[in-house]
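The structure appears right after this line, and notes come after that.
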Amino acid sequence: MSKAPTLSDRLSKARSGSAPEVTDRARRGLMAYVGAQADVARAGKELADGTAATGVGRVALSAMSPQGLACAEGCAFCCILSGDDGGTITEAEAVALHRALAALAGQPDGRAWHPKACPSLDPETRSCRAYDARPMICRAYVSTDVEACKAVSDGQAASGPGTLGPYHTYLAAIGLSRAALKGVKRVSTYAMARVAAAAVDGASLEGALASARHKPTELDAELKRSKRDLSRI
């Protein structure tokens, strides 16, 4: 009788939909993450809720020291969001974000500064009130030009702002996790802005997750956007 495939077996055969070199980095990171877990059930849970993918992305980000960045506290043009999605985040990130903002329910939020601003912002200081719980999309988005950020926030194309490589590795890791756990556990992604809005509007965690959960096709679309962006570098 053949043995059931292990998580490592599943990851080794999974495909992410991202660029091959990015997929390889994500796979190595996830394999190392799973290999370091003594509890197989916990490893599977952390693949499913995105804890593993987020960890892979953060480790890669911590190894970087980008130079010439114009980012500073209170410069929040990057937090003016197009649409109501705000970016793809994992379940673990969504839970952490909701917990960080739930105590602020009923208080003025970033939308009092700008109608399209992230609800996580303090409308007076324009600083992030969930900074320690901010998702990878926020951690990896940087800029070398404040004026370019202003232009982008107005819907104009400008060079300067962009996402660092570890964000793409993180997305690939989510894609690999979903493929490896197909038929075993659901791997969901969420709309960052909708989670934040639900939290400051007083919604429960369960309600926030239900209202912000993506359809599976949204991760596919985000991976395609990532692959397209990487092809331009």
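The values are calculated or read from the model by the stated rules, or taken from the named source; none is laboratory data. As the structure is a computational prediction, the values presented were derived from the model and not from experiment. In this analysis, Cβ positions are derived from the backbone assuming ideal geometry, glycine residues included, and neighbour counts consider all displayed protein chains.
Before moving on, here are some points about what is shown:
- Qualifying residues in the stretch 6-24 (those that are farther than 14 Å from residue 181 by Cα and out of contact with any His (no Cβ under 9 Å at 6 or more places or on another chain)) - the one surrounded by the most Cβ atoms within 10 Å (Cβ to Cβ): 23
- Selected residue (criterion: surrounded by the most Cβ atoms within 10 Å (Cβ to Cβ)) from residues of the stretch 81-130 that are over 23 Å from residue 213 (Cβ atoms) and hydroxyl-bearing (Ser, Thr, Tyr): 127
- Contact map, the stretch 187-198: residues that are free of Cβ contacts under 8 Å to residues at least 40 places away in the same chain paired with residues that are crowded, with 24+ Cβ neighbours inside 10 Å, Cβ distance under 8 Å, separation 6+ or inter-chain. No pairs are found.
- Among the candidates 123, 108, 115, 119, the residue that is farther than 25 Å from residue 64 by Cβ and in contact with a Lys or Arg (Cβ under 7 Å, 6 or more places away or on another chain) is uniquely 119.
- Look at the stretch 199-223: where a residue is over 10 Å from residue 189 (Cα atoms) and a partner is assigned to a loop (DSSP other than H, G, I, E, B) and charged (D, E, K, R), sitting 6+ places away or on another chain with Cβ atoms under 7 Å, you get 200/109.
- Residue ID - surrounded by the fewest Cβ atoms within 10 Å (Cβ to Cβ), chosen from residues in the stretch 25-51 that are touching a residue at least 40 places away in the same chain (Cβ under 8 Å) and among the aliphatic types (A, V, I, L, M): 48
- Cβ-Cβ contacts under 6 Å between residues 6 or more apart (or on different chains), taken from a first residue in the stretch 128-156 that is over 13 Å from residue 79 (Cβ atoms) to a second residue that is among the small types (Gly, Ala, Ser) and assigned to a helix (DSSP H, G or I), are listed as 133/96; 133/100; 136/57.
- Of the strands (runs of 3 or more DSSP E) lying entirely inside the stretch 131-233, the ones with 1 or more residues being of a type outside the set (S, T, N, Q), crowded, with 21+ Cβ neighbours inside 10 Å and modelled with pLDDT of 95 or more are found at 189-191.
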